[in-house]
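Enquirer: My structure is below; once you've seen it, I'll send some questions.
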């Protein structure tokens, strides 16, 4: 069995009858980041700084200023997690939304990973 550093639970995306609630290491980090990206900033009770501004910028033109605001928000979110070192952020305009692609390093195992999050009028999803 692999030596696991971080352990958590998630019921997101479970099939009916499935009992695989446990997440470890990089998968847990990705889920934690996705939880924050799926939350509009200020939507959590008692946590006004939790979440992202991307939902407020979704249907605005992707000007250089708005792209910089989004990138800075992504940097703030990813850098708030001590398990991760951000390497690169790319914001792409797509039909009906935006895609944010992140390249990062999972610090405990020094392992690179990527996360691509699609923001549209329904929800944020990942590749």
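Enquirer: When residues of the stretch 51-73 are filtered for being free of Cβ contacts under 8 Å to residues at least 60 places away in the same chain, out of contact with any helix residue (DSSP H, G or I) (no Cβ under 8 Å at 6 or more places or on another chain) and either in a helix (DSSP H, G or I) or surrounded by 18 or more Cβ atoms within 10 Å (Cβ to Cβ) (or both), how many remain?
Expert: So the count comes out to 7.
Enquirer: For residue 77, indicate whether it is in contact with a helix residue (DSSP H, G or I) (Cβ under 7 Å, 6 or more places away or on another chain), part of a helix (DSSP H, G or I) and closer than 20 Å to residue 111 by Cα.
Expert: So residue 77 fits the description; yes.
Enquirer: Based on this model, can you work out whether residue 108 counts as at pLDDT below 95 and part of a helix (DSSP H, G or I)?
Expert: yes
Enquirer: Counting only residues that are within 19 Å of residue 67 (Cα to Cα) and in contact with a helix residue (DSSP H, G or I) (Cβ under 8 Å, 6 or more places away or on another chain), which one in the stretch 80-103 is modelled with the lowest pLDDT?
Expert: In this case the residue turns out to be 98.
Enquirer: A further question on this structure: Across the stretch 31-50, which residue is surrounded by the most Cβ atoms within 10 Å (Cβ to Cβ) among those that are in contact with a strand residue (DSSP E or B) (Cβ under 8 Å, 6 or more places away or on another chain) and either at pLDDT 95 or above or outside any loop (DSSP other than H, G, I, E, B) (or both)?
Expert: 37
Enquirer: How many residues are out of contact with any strand residue (DSSP E or B) (no Cβ under 8 Å at 6 or more places or on another chain) and over 27 Å from residue 121 (Cβ atoms) when one looks only at the stretch 82-110?
Expert: 4
The values are calculated or read from the model by the stated rules, or taken from the named source; none is laboratory data. Here the structure is a predicted model, which is why all the values come from computation and not from measurement. Positions of Cβ are backbone-derived with ideal geometry, glycine not excepted, and every protein chain shown enters the neighbour counts.
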